[in-house]
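Okay, so here's the structure we're looking at.
Read-outs: derived from the displayed coordinates by stated rules, not from any lab. Just so we're clear, the structure is a prediction, and the values are computed from it rather than from any experiment. Neighbour counts run over all protein chains shown; Cβ positions are idealised from the backbone, glycine included.
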Amino acid sequence: MSLVLADVGVRYGGVAALQDVSLIVERGHVLGLIGPNGAGKTTLVNATTGLAPLASGTIALDGIRIDGLPPHRIARSGIARTYQNIRLFAALDVHANLAAGAYARPGRLTADEIATLLERAGISGADPGTRAGSLPYGDQRRLEIARALAAQPVVLMLDEPAAGMNPAETTRLVETIRAIAASGIAVLLIEHDMTLVRAACDSVVVLNFGEVIARGTPAEVARDPVVVEAYLGSGAEALA
Amino acid sequence: MSYLLDFYAKHSRLIDQIGINAILALSLSVSLQAGQLALAQAAFMGIAAYVSAILAVQAHWPLLATMLVAMLASTAVAALLALPVRRLRGVFLAIATIGFGEIVRVFANNLSITGGAEGLSSIPNDATTPVIYASLALVALALVGLSRTKFALAVALVREDEHAARGVGIDVGTVRILSLALGGAIAGLAGALYAHASFFITPTDFGFQRMEQILVWCVVGGVTSPLGAVLGATGLSILPEAIRFLADYREVFNGIILLAVILFAPGGLASFWRRGAVRVNV
Amino acid sequence: MIAQQLLNGLFLGAVYALFAVGYTLVFGVLDILNLAHAAIFTAAAFAAFSLAADGLPLPLAFAGATVLGGIMGILLDRVAFAPLRARNAGTLVPLISSIGVAIIIGAALRGIYGVDERHFTTGGLDTAPAIHLGPVTFTTVELAIFLAAVVLMLVLSWTLRATTLGRRIRAVAEDRVAAALLGVDLERTIAATFFIASGLGGAAGVLTALEYNSVTLDMGGPIELKGLAVIILGGMGSVTGAVIGGFILGAVETLAIAFGLSAWRDAILFGVMFLLLVARPTGLFGKRALREA
């Protein structure tokens, strides 16, 4: 069971931002979503979380349709995400951000749970009393991941979590993401950083102009001439 | 002891006013904590004041009964208002609610049951100082209790980032309606007390000038701080009396002091005791 | 009959529009609601009264008071808004400091002029000849006021569209950071915006005072809130919207009076605003329009 998008279409005004997009994110797997800027990757995440209405198609989680539900209900059904531009509750502290993530769950977070969340997100050294907006940039991204994990989600969607990170931090992020998948969560990873995609993803879907143009393992997709052309124009060599 | 009694006798009106103003400030603070610049508190206050006064004067109801019905009325109106304004944010919400306040004022000005522009008089003066401060204490207690619940966390999250709040499963629409209704209830309490503490009430008592005043108290206190709101209301209620000796220069000093305070401490009084992250109950 | 009412609405609306434009300019550029706007409106009216009483012909008194309004606007920004800009204080706190300034201006006016109503004794306002044009009648004074308002708004529109200053103002309104990066002098542009906005607000004050031949301390009260209704109707930050919104509200108010609902006219006016806001939260033209002026 998993997150299933079937023939999803989204329109903004007269423009098709997404068209006939189908993909499946399985528990325990990391699916990479790549494509040039404007291809519709964030739109897909927005559509899945209920922020953009579907013009066509369906989205189902473990067999139950979630498209058409209000965003907060979709969140409560087990879908958590991080944001391209970081949307932490910056003025609140680390603890509060984690409590926010766990809002929909009964009870409150224990100290142990907090420690576990921080560790799984790779910021076990963070002081829960620190103002979230004061954390170093990389830690803020990881705090967003921790907040998402606090919801005990079925599906975790990461929107460019490595943006702004250096290679060392990115390598660490790979381990974090693989461990999250290993814990049974279905992970959708939007990324531009091909090193991260190769290392972290089990399979990849490539979008261009709102349509799926290729699927496969990271290696297969990187060699696919259609994909290369989409990124670099025709006649280019294989993708990094 | 006799000094205290003398002091009270001389300043009882001011002391009563401070109590009512503190309750008003708390009613707006509730909305501001949810990030809603809903400026209809004065209107809610007015609705409750009139309901309470009419029931007391025409139907001779006892104070407590009129207060309860008045609060019910203001809460209901607040909840109803929350529906059409649910998509409005920021300054749009502010202006819509100011407009609502004006509509209420015009109704009060033109209906015979509210006494028109002359208002209502001969309202029984039974909102004594103990009653007012007991009410304030009750409101404060209720808010403190509420602050320990998950609802309080939801309110803070909606204020900080509505979008992300939805993403963690919070029903933002419901939170906004509830906070507006709560503000309406508290403002209604203040309105009923105001009616029973004044000999008469007129529509201008509950217009934009009053609303501006309440907003000033809250922002001077610290926009998201209920304690700040109470301190702001207290300080700024005492101020005109304290500078009474300035006679004709009172008003200009009022403005200068307001300006000076807000320029010196834009975060309000609360910035003096707040450090680091904004505290929320977790 | 309806034509006369519409004409009245047009005249009333012109002044509303002029006043509202000042609100919307400041909001468009700074995202702040300037609650001292009505105080400057009143102060300029008193200034015109004083200038006229000192012997200046009315048109010059009008011009002088308008310029004075503009200068007050610049001072308002320096005292109440600029310090908060430097400290990144958001948009709610400046609102409060503008209230502080409004209180100070009001107190100063009361100190200087007392509480009595003032009238213009020169210029023959009360004996202005009436002009009959088919079904409608109006006085030369009313016409002059209307034309003055329209001319000022046209000048504003031209300034925003065709001058360098206008481009700078629109750039800052669009994106303050980008404008600064492109070399626009933020503080000077903001000062210029305030000069224009408060100048127009002051002009509206003088025109209102001339229209009713009355200058009172509380003349700013009604228009302060109606101005808000206008900019909501027209769309925050849109000058065109403020102008059109002003005329629409002038028409609504006049028609309400014509249909015998004068006592309810404010409720009708705000009711219309409320309904529009709920149906179309960004108003007729929304914030984007400051670009197109």
Practice problem: Round to the nearest 0.05 the FRET efficiency obtained for B:Ala247 and C:Ser214 when R0 = 25 Å and r is the Cβ-Cβ distance. | Solution: 0.35
Self-check item: Relative contact order of region A:81-138, pairs being alpha-carbon contacts under 8 Å that are 6 or more residues apart, as %
Solution: 51 percent
Practice problem: Between B:Arg274 and A:Thr116, take the C-beta separation as r, use R0 = 30 Å, and let me know the FRET efficiency to the nearest 0.05. | Solution: 0.50
Practice problem: Taking amide H positions as placed in the peptide plane 1.01 Å from N, state which residues far from C:Thr139 in sequence (5 or more) or on other chains have amide H under 5 Å from it. | Solution: C:Ile131
Self-check item: Relative contact order [Cα under 8 Å, 6+ residues apart], region C:206-247, whole percent
Solution: 24 percent
Quiz item: Could you give the dipole magnitude of region A:144-208 about its Cα centre, charging the beta-carbon of Lys and Arg +1 and that of Asp and Glu -1, in debye to the nearest 20?
Solution: 160 debye
Practice problem: Can you bin region A:30-180 into rounded, prolate or oblate? Criterion: square roots of the alpha carbon gyration tensor eigenvalues sorted a ≥ b ≥ c, rounded for a/c under 1.5, prolate for a/b above b/c, oblate for the rest. | Solution: oblate
Quiz item: Using unit Cβ charges (K, R positive; D, E negative) and no other charged atoms, how large, in debye to the nearest 20, is the dipole of chain C about its Cα centre?
Solution: 920 debye
Quiz prompt | Cross-link reach list, aspartates and glutamates versus B:Lys150, counting only Cα pairs under 13 Å and skipping chain neighbours closer than eight places | solution = B:Asp171
Practice problem: Determine the calculated [θ] at 222 nm for chain B from helices alone, applying -39500 (n - 2.57) to every DSSP H run no shorter than 4 residues and normalising by the residue count; nearest 500 deg cm²/dmol. | Solution: -24000 deg cm²/dmol
Quiz item: Per the helix-only calculation at 222 nm, which mean residue ellipticity applies to chain A, given -39500 (n - 2.57) for every DSSP H run of n ≥ 4 and division by its residues, nearest 500 deg cm²/dmol?
Solution: -10000 deg cm²/dmol
Quiz item: Once amide H atoms are placed 1.01 Å from N in the peptide plane, what residues at a sequence separation of 5 or more from A:Ala121, or on another chain, have their amide H within under 5 Å of its amide H?
Solution: none
Quiz prompt | Under the Karplus curve 6.51 cos²θ - 1.76 cosθ + 1.60, θ = phi - 60°, whole-Hz ³J(HN,Hα) for region B:90-101, x wherever Gly or Pro sits | solution = x, 5, 5, 4, 4, 5, 4, 6, 4, x, 4, x
Self-check item: Viscosity 0.692 mPa s, 37 °C: Kirkwood-radius Stokes-Einstein D of region B:166-282 over Cα pairs, µm²/s
Solution: 196 µm²/s
Practice problem: For the protein assembly as shown, build the charge dipole from Cβ charges (+1 Lys, Arg; -1 Asp, Glu) around the Cα centre, then report which of A:Gly101, C:Thr42, C:Val272 sits farthest towards its positive end. | Solution: A:Gly101
Quiz item: Where the only charges are on Cβ atoms (+1 Lys, Arg; -1 Asp, Glu), what is the dipole of chain A about its Cα centre, to the nearest 20 debye?
Solution: 640 debye
Quiz prompt | Residue-averaged 222 nm ellipticity for chain C, from DSSP H runs of 4+ at -39500 (n - 2.57), nearest 500 | solution = -24000 deg cm²/dmol
Quiz item: What FRET efficiency would be calculated for the residue pair B:Tyr8, B:Phe200, taking the C-beta separation as r and a Förster radius of 35 Å, to the nearest 0.05?
Solution: 0.90
Quiz item: Taking every residue in A:65-75, how many Cβ atoms of other protein chains lie within 10 Å of its Cβ, on average?
Solution: 3
Practice problem: Convert each backbone phi in region B:2-7 into a coupling constant with the Karplus relation 6.51 cos²θ - 1.76 cosθ + 1.60 (shift: θ = phi - 60°), then list the ³J(HN,Hα) values in order as whole Hz, x for Gly and Pro. | Solution: 5, 5, 4, 5, 4, 4
Quiz prompt | Rg(Cα) / (2.2 N^0.38 Å) computed for region B:1-88, rounded to two decimals | solution = 1.38
Quiz prompt | Normalised contact order of chain C, rounded percent, pairs of Cα under 8 Å and 6 or more residues apart | solution = 37 percent
Self-check item: Antiparallel content of DSSP bridges confined to the protein assembly as shown, in %, to 5
Solution: 60 percent
Quiz item: Each residue of region B:49-58 in order: what ³J(HN,Hα) in whole Hz does its phi give by Karplus 6.51 cos²θ - 1.76 cosθ + 1.60, θ = phi - 60°, with x for Gly and Pro?
Solution: 4, 5, 4, 5, 5, 4, 5, 6, 6, 8
Practice problem: Starting from the Cα of A:Leu69, move 7 Å in the Cα-to-Cβ direction to define the label point; list residues of region A:86-121 whose amide nitrogen is under 16 Å from there. | Solution: A:103-106
Quiz prompt | Nonlocal amide H pairs with A:Val205, under 5 Å, H built at 1.01 Å | solution = A:Gly32, A:Leu33, A:Ile34
Quiz item: Which listed residue (B:Ser12, B:Leu146, B:Pro226) has the Cα farthest towards the positive end of the charge dipole for chain B, taking +1 on Lys and Arg C-beta and -1 on Asp and Glu C-beta about the Cα centre?
Solution: B:Leu146
Quiz item: Which is farthest toward the positive dipole end of the protein assembly as shown among A:Tyr12, A:Gly184, B:Ile201, measuring Cα position about the Cα centre, with Cβ charges +1 (Lys, Arg) and -1 (Asp, Glu)?
Solution: A:Gly184
Quiz item: Which of C:Val67, B:Val91, C:Val155, A:Val197 comes first, and how do the rest follow, when ranked by fewest Cβ neighbours within 10 Å?
Solution: C:Val155, C:Val67, B:Val91, A:Val197
Practice problem: Would you be so kind as to identify all helices of chain C, as entire DSSP H runs, whose Cα atoms reach 18 Å or more along the helix's own axis and whose mean Kyte-Doolittle hydropathy is at least -0.5? | Solution: C:2-30, C:37-53, C:58-76, C:92-113, C:140-162, C:186-212, C:220-234, C:239-258, C:265-279
